[in-house]
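Below is one structure; the comments refer to it alone.
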Amino acid sequence: MSKIKEVQTKPYTDQKMGTSGLRKKVKVYQQENYIENFIQSVFDSYKPEDYKGKTLIIAGDGRFYNDVAIQLTIKIGVANGVGKIVLAENGLMSTPAASLLIRSQPKGECYGGFIFTASHNPGGPNEDMGIKFNGDNGAAIPEGKNNEVFEATKKITRYLILDTEEKFPMDKPSEIKVDENGTVRTVKIEIESTTKRYVEEMQKLFDFDLIKTLFKRDDFTFVFDGLNGISGPYGLEIFHNIFGVPMENLDKCKPLPDFGGLHPDPNLVHAKDLDVKMDVFKKDLSKKVPDMGCACDGDADRNIIFGPRMLVSPSDSLAAITNNAELIKSLMRNGPLKGVARSMPTSGAVDRVAKKKGLKCYEVPTGWKFFGNLLDDGRISLCGEESFGTGSDHIREKDGVWAILCWLSILAQKNKDNKGKLIGIPEIMEEHWKCYGRDYYCRYDYEDLNNEQAAKVKENLTKNIETWKTMKEGNEACIFEYNDPVDHSVSKNQGWIFKYKDGSRIIFRFSGTSSAGATVRIYFEKHVEPDGDLLADVADVVKAGENFPELAVKLSDIHNVAGRTGPTVIT
Ligand code: VG1
Ligand code: CO
């Protein structure tokens, strides 16, 4: 039997959620009452009837310090009056599966869920931890609610917690008996399998029998890399157990608290083993490489798709999935596509497809939470971000494994009656570019600027908006502002856009997920018409003609301001 105690505390000033939850170094989370304050502040931002007696979902990607955060959240949740806890087995569940689990709760009975992840950021005692809170629709809470939570964190004076040293089991169901002024309340902790519900959902959403015909071909080889994150268990279940992909083609599928020292970020820099397997940098043209390679990030909401010796840029992936939506059961289950959306820095490739198909295409600020209203309002069926995120209305998070299944569906359909050579990813993309032209795309990140340097860069960019407009006929520039068509909220200062007449763009924004210092992201997008060179190297294209990286340095003066000679990372 446990009693509830009230603990006095002092506010922290830095508990503002960024693009996706609160991300900090583990050391920050280890400060006295840091986690307690934040969890309590989330409760304090709601009315008691929103959570009292309701179900609280708890999940995470298995990174270092999750166990501590989960135990605290159980104790604080129960002390605040939640009626039931559904805990992912051993705390392990991907972000998309957690969104599905929240959405699967009976209507009106769920408060929402805490997801402990810093996503693609590295993990371990000296690395990152993160906390996300998703509401009862399974989506990260919107901007307005984020601000309310931040206000609560600045005012907090006390938190409620169960007065017990007990550790609750994470692998079997249990019960907590709470003594509330002499009456006893029982709170159940149910354990939810990491993979079962999600895998069953994917079996409903996709034609697995059709996909199996693709894996039966002897000219189709598939490799997957779990990057030691939470996608591994789903990969093993779906790709190995169901599709029969041999184990040696599935790499790093056991989730590790420090991701084996890796940065679990599926891109050209951090998915190194996969780069080599797929020979993306064309280092050994004599080698036979797999037909499809893919990976997800730490919490399995991102995806990367490779064809042999090629990366499908995430912006192109969104465009190709939209173009081939009729081949994907998941996207057709409620009739034709409703509309599509992309984050502002994502290339305009999907806009061209949407235009041809007569679909509405929305442009929102960076961060999946901005798609939530459009999905809930039935305005879009599919959306994506340049940062390796793709998803649809089946849940309210981006979904790495789902995106891989979309590509497998496209390949399976295209090859359904094909007795000849495999119609692979390169053929599909080349056909796409011949029809729509190609939007060559890459991103430069300048990490760890100090506040003063960041302010100076912002000032330079704003100053150069007018200059840009006079530089060439048809040039446009602005600071991106979003008016949500559903709740009419306005999000200002979402990045600087410098645009050419043909749609090519240079975009700047500041990251909202880095756990230390300011990161400037510069996005380059160069459009080439169908009759131009469609098979060139991205790095060459962005520098050819008007040299985009050089222009970006001029517009921001970042090299002088921050004492740099080049970006920290190019993806
Ligand atoms: C980055 C990406 C953004 C993505 C966010 C969360 O944000 O640019 O597109 O939604 O990470 O992704 P920022 O503010 O650092 O640019 V995840 O998979 O890390 O939750
Ligand atoms: Co992620």
Fill in: Net charge contributed by nearby residues that have their C-beta within less than 13 Å of residue 157 (K/R +1, D/E -1)
+1
Discussion item. To the nearest 20 Debye, how big is the dipole of region 409-473 about its Cα centre, given +1 on the beta carbon of each Lys and Arg and -1 on that of each Asp and Glu?
Written reply: 380
Response to the item:
Quick calc, region 42-100, dipole around Cα centre from Cβ unit charges on Lys, Arg (+) and Asp, Glu (-), nearest 20 debye, gives 140
Practice prompt. Mind putting a number on the dipole of region 438-570 about its Cα centre? Charges go on the C-beta only, +1 for Lys and Arg and -1 for Asp and Glu, and I need it in Debye to the nearest 20.
Written response: 360
Worksheet item: Does region 196-433 come out rounded, prolate or oblate, given a ≥ b ≥ c as the square roots of the eigenvalues of its C-alpha gyration tensor, rounded meaning a/c under 1.5 and, failing that, prolate meaning a/b above b/c?
Response: rounded
Response to the item:
Assertion target for 296, 442, ordered by fewest C-beta neighbours within 10 angstrom first, is 442, 296
Worksheet item: Viscosity 1.306 mPa s, temperature 10 °C: Stokes-Einstein D of region 2-192 from its Kirkwood Cα radius, in µm² per second?
Response: 97
Worksheet item: So what's the net charge close to residue 106: Lys and Arg +1, Asp and Glu -1, counting the other residues with Cβ under 12 Å from its Cβ?
Response: +2
Worksheet, complete the sentence: Dividing the mean separation of Cα pairs under 8 Å (6+ apart) by the residue count of the chain yields a relative contact order in percent of 14
Worksheet item: How much length, in nm to one decimal, is gained on full extension between residue 459 and residue 471, taken as 0.36 nm per residue of separation minus their Cα-Cα distance?
Response: 2.4 nm
Worksheet item: Cross-link partners among aspartates and glutamates for residue 501, C-alpha distance below 12 Å, same-chain residues fewer than 8 apart left out?
Response: 473, 476
Practice prompt. For region 438-570, restrict the atom set to alpha-carbon positions and state the Rg and Dmax in Å.
Written response: 15.4, 46
Item to complete: Return, for the Cα atoms of the chain, the radius of gyration and Dmax in Å, separated by a comma.
Response: 23.7, 79
Worksheet item: Relative to the present Cα-Cα distance, how much length would full extension add between residue 181 and residue 155 at 0.36 nm per residue of separation?
Response: 6.6 nm
Worksheet, complete the sentence: Other residues with Cβ under 11 Å from the Cβ of residue 397 give, with Lys and Arg +1 and Asp and Glu -1, a net charge of +3
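Values quoted throughout were computed directly from the atomic coordinates according to the rules given, and no laboratory measurement underlies them. Bear in mind the structure is a predicted one, so any value in this text is a computation, not a measurement. So basically every Cβ, Gly included, is an ideal-geometry build from the backbone, and we count neighbours across all protein chains shown.
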